[in-house]
Amino acid sequence: AIDVCWLEINTIIWDKFPDEPLDSFSHGIRLSQCRRIRDSDPPFTLLELLHQHRDCIATNPRDYVYGLLGMSGDGDKMGIKADYNLSPQMVYLDLAVKYISATGSLDILCACRNERNFIDLPSWVPDWSTDTVVPGICLNQRYCGGDSFPGSPVNEAEKYCSGGTSRARVIFSKERL
């Protein structure tokens, strides 16, 4: 029954999106996984959503952040508001500063990769406009030990925690960390 269902869904998607049916299907599944099934489930954080959708495409580079903001459970708490008057670089810088300040965590630094579209970003600010995948060390807590299917790579994983329960002490000076 599952194989028949998959075939029907893939056929429908193939008719509507002949150039990339499997990609469209997997993006749809990924977006549906970001919905909370129960009110008691914690909402996804903006950083989790950014990592999870890193390979998605946006016409406006600000939308790599702003497009996921409404689905996040912590964007408002961090004081992140969509402002299209800001340059993409300022959007990414603002996110990094507010995330580190609000959480006391430096996890966002794991998203800084060598491939960059905006070369004028500080080295400690992720360029969300690239599709460079974040390494496994940055697994979000939600996924650690959470996937129960056989052979899941994160089934037995534990999130790294080099600082224990301590918060990072960070000083921002202009565009320096």
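The values are calculated or read from the model by the stated rules, or taken from the named source; none is laboratory data. Remember, it's a predicted structure, so these values are computed and weren't measured experimentally. All Cβ positions, glycine included, derive from the backbone under ideal geometry; neighbour counts span all protein chains shown. Ligands, DNA and RNA are excluded from the accessible area calculation, which covers all protein heavy atoms including side chains. Shrake-Rupley method; radii C 1.70, N 1.55, O 1.52, S 1.80 Å.
From the phi of every residue in the stretch 83-89, what ³J(HN,Hα) in whole Hz does the Karplus formula 6.51 cos²θ - 1.76 cosθ + 1.60 yield, where θ is phi - 60° and glycine or proline is x?
9, 6, 7, 7, 5, x, 4
Once you place label points 7 Å from the Cα toward the Cβ at L86 and D131, how far apart are they in nm?
Here the answer is 2.6 nm between the modelled labels.
Enumerate by residue number the chymotrypsin sites (Phe, Trp or Tyr not before Pro) in the stretch 82-120 meeting two conditions: DSSP loop (anything except H, G, I, E, B), and at most 14 other Cβ atoms within 10 Å of the site's Cβ.
Details: sites: Y84, Y92, Y99, F118; in loops: Y84, F118.
Sites meeting the loop and neighbour criteria: Y84.
How would you classify the stretch 34-109 from its alpha-carbon gyration tensor, with a ≥ b ≥ c the square roots of the eigenvalues: rounded for a/c under 1.5, else prolate if a/b is greater than b/c, otherwise oblate?
Details: a/c = 1.72, a/b = 1.27, b/c = 1.36.
It is oblate, given that a/c is not under 1.5 and a/b is not larger than b/c.
Using each residue's phi in the stretch 46-51, evaluate 6.51 cos²θ - 1.76 cosθ + 1.60 at θ = phi - 60° and report the 3J(HN,Hα) Karplus result to the nearest Hz, with x for Gly and Pro.
Values per residue, Gly and Pro as x: 4, 5, 4, 5, 4, 5 Hz.
Would you kindly state how much longer the chain becomes between E115 and D41 on full extension, computed as 0.36 nm times their sequence separation minus their alpha carbon distance, in nm to one decimal?
23.2 nm
What's the carbon and sulfur percent of the stretch 56-100's accessible surface, probe 1.4 angstrom, rounded to a whole number?
Details: 1210 of 2210 Å².
In the stretch 56-100, the share of accessible area belonging to carbon and sulfur is 55 percent.
Give a residue-ordered list of calculated ³J(HN,Hα) values for the stretch 108-119 (Karplus: 6.51 cos²θ - 1.76 cosθ + 1.60, θ = phi - 60°; whole Hz; x for Gly, Pro).
Working through the residues one at a time gives 4, 5, 5, 7, 7, 10, 5, 5, 9, 7, 10, 6 Hz.
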